[in-house]
Amino acid sequence: MNIQDAYNEWSEIYDTNINRTRDLDAETTRLILKGRRFPSIVEIGCGTGKNTEFLAEIGDTVLAFDFSEKMLAKARKKVTASHVRFERADITQPWNCEPDSTDLITCNLVLEHIQDLNHIFAQAAQTLRRGGWFLINELHPFKQYGGTKARFERENEVIEVDVFVHHISEFIHAAEGTGLKLLKLDEVWHEDDAGKPPRLASFVFGK
Ligand SMILES: C[S@@+](CC[C@H](N)C(=O)[O-])C[C@H]1O[C@@H](n2cnc3c(N)ncnc32)[C@H](O)[C@@H]1O
């Protein structure tokens, strides 16, 4: 299903349906960033604001982009702090951000919907200040190879969202030449995943 339409529909149940990947991402993001503060944060693909709530606690300003109006509507209800701004935008287009203006960019469970990682890394590198971080948590490609993809249920039907498989090496190659360097790479399992492939790939790139 077309990505924007799918998330507009999924928004009603995104926060409440059983979704181990969503929950593991929330936990992993908080573990990586806990105890740090950032003057300026940009979140790309913020969805219903699951992580925006936490980013608002560790950032002096947060700018959160998503192209699904209905996901954004949920996020705007959830996070009302005045230092958080939501903007409807397609991140495959140039980002509405000043160069060298941001200390942290976060991207959680979004890049499986983006074909061209080079564009995302180029925009992130341009937007970050020196010393800034680009945090990415994605469905691990091992899960993608096995056919796992973003999906939700409508009545008794399973709706699959359009996705692109990205190998670990693609993230590393997309960073090359942008000035971003890999600082941390982790593979993360949910507690129910014993004996299975990792559920998340987690990267921190630094400028
Ligand atoms: C699986 S949700 C993740 C939401 C949130 N980051 C989280 O972790 O809960 C993916 C989000 O990416 C957004 N998205 C996908 N492609 C996008 C694009 N090209 N531009 C902006 N947002 C996009 C969708 O609308 C959706 O809200």
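The values are calculated or read from the model by the stated rules, or taken from the named source; none is laboratory data. It should be emphasised that the depicted structure is a prediction, and the values quoted were computed from it without experimental measurement. Cβ coordinates were reconstructed from backbone atoms using ideal geometry, including for glycine residues, and neighbour counts include every protein chain displayed. Note: areas computed on protein heavy atoms with side chains; ligands, DNA, RNA excluded. Shrake-Rupley method; radii C 1.70, N 1.55, O 1.52, S 1.80 Å.
I'd like the full set of residues that are among the β-branched types (Val, Ile, Thr), over 11 Å from Trp133 (Cα atoms) and not in a helix (DSSP H, G or I), limited to the range 28-44.
Ile44
Please verify whether the range 52-59 includes one or more residues that are under 15 Å from the mean Cα position of the chain (by Cα), hydroxyl-bearing (Ser, Thr, Tyr) and surrounded by 20 or more Cβ atoms within 10 Å (Cβ to Cβ).
Among the residues of the range 52-59, at least one is under 15 Å from the mean Cα position of the chain (by Cα), hydroxyl-bearing (Ser, Thr, Tyr) and surrounded by 20 or more Cβ atoms within 10 Å (Cβ to Cβ), which makes the answer yes.
Would you call Gln93 touching a Phe, Trp or Tyr at 6+ places or on another chain (Cβ under 7 Å), open to solvent by 10 Å² or more (accessible area, probe 1.4 Å), assigned to a loop (DSSP other than H, G, I, E, B) and not basic (Lys, Arg)?
no
State whether the residues of the range 117-129 include one that is closer than 22 Å to Gly49 by Cα and more than 17 Å from the chain's Cα centre (by Cα).
No - not one qualifying residue is present in the range 117-129.
Looking at the range 33-45 only, could you name the residues that are open to solvent by 10 Å² or more (accessible area, probe 1.4 Å) and within 11 Å of the chain's Cα centre (by Cα)?
Gly45
Name the one entry in Ile114, Ile105 that is more than 12 Å from Val62 (Cα to Cα) and within 14 Å of the chain's Cα centre (by Cα).
Ile114
Considering the range 33-86 alone, what residues qualify as being among the aliphatic types (A, V, I, L, M), touching a strand residue (DSSP E or B) at 6+ places or on another chain (Cβ under 7 Å) and within 11 Å of the ligand (Cβ to nearest atom)?
Ile44, Leu55, Ala64, Leu72, Ala75 - these are the residues of the range 33-86 that are among the aliphatic types (A, V, I, L, M), touching a strand residue (DSSP E or B) at 6+ places or on another chain (Cβ under 7 Å) and within 11 Å of the ligand (Cβ to nearest atom).
Given (1) outside any strand (DSSP E or B); (2) farther than 30 Å from Ser40 by Cβ; (3) without any contact (Cβ under 8 Å) to a residue 40 or more places away in the chain, where does Gly177 come up short, assuming only one miss?
Checking Gly177 against (1) outside any strand (DSSP E or B); (2) farther than 30 Å from Ser40 by Cβ; (3) without any contact (Cβ under 8 Å) to a residue 40 or more places away in the chain, the one that fails is (2).
Restricting the search to the range 149-197, which residues are open to solvent by 40 Å² or more (accessible area, probe 1.4 Å) and aromatic (Phe, Trp, Tyr)?
Answer for the range 149-197, where residues must be open to solvent by 40 Å² or more (accessible area, probe 1.4 Å) and aromatic (Phe, Trp, Tyr): Phe164, Trp189.
Out of (1) buried (at least 16 other Cβ atoms within 10 Å of the Cβ); (2) modelled with pLDDT of 95 or more, the odd one out for Gln115 is which?
(1)
Criterion first (in a helix (DSSP H, G or I) and not β-branched (Val, Ile, Thr)) does Lys50 satisfy it?
Taking the combined requirement at face value, the residue does not satisfy it.
Condition first: loosely packed, with under 13 Cβ neighbours inside 10 Å and within 11 Å of the ligand (Cβ to nearest atom). Now tell me which residues in the range 6-32 satisfy that.
Within the range 6-32, just Asp23 meets the criteria.
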